[in-house]
Structures are given as structure tokens and as C-alpha cells.
Amino acid sequence: MDGQNIDSYGLAIEAKVKYYLPQMFGQNHYQILTSPNDLLKSMLKLYDKIKY
């Protein structure tokens with residue numbers, strides 16, 4: 001590996017994920033959506049967070 005970091009971010013539409021997403025992705029690296037309609041807004045927020 002050449003020293004590049006790989007960060008992951010989780011998006012989910014399910015109430016039960018609140019029990020395991022924090023362990024899988026860590027704090028502030030996941031989002032639980034309340035409906036599929038929230039996906040576009042969440043993707044735009046994520047893009048703003050990661051763009052260079």
C-alpha cells in the first residue's frame with residue numbers, strides 16, 4: 001500500500017442500524033435516513049464534506 005487513506009461513510013434507511021453503524025463506521029461517519037426521499041439531500045451533504 002502506498003500510504004493512501006481510505007475513509008468510509010455509511011448511509012442507511014432502517015431504524016435498527018443505530019445499534020451497529022456506530023461500531024462499523026465510527027462517530028460522524030454514518031447517517032440514518034428517515035426515508036428514501038432523503039437520499040439526494042444526504043448525498044449532497046456528503047459530497048460537500050469530502051470534496052477537496
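Every read-out reported here was derived from the displayed coordinates using simple, explicitly stated rules and does not represent laboratory data. Computed from a predicted structure; not experimentally measured. Here Cβ is always computed from backbone atoms with ideal geometry, including for glycine, and neighbour counts include all displayed protein chains.
Couple of notes before you dig in:
- Pair list, Cβ < 6 Å and 6+ apart or interchain, from the range 25-52 residues that are under 16 Å from Ile6 (Cβ atoms) to residues that are in a helix (DSSP H, G or I): Tyr30/Leu21
- Leu11 falls short of the stated requirement of being assigned to a helix (DSSP H, G or I) and either at negative phi or surrounded by 10 or more Cβ atoms within 10 Å (Cβ to Cβ) (or both).
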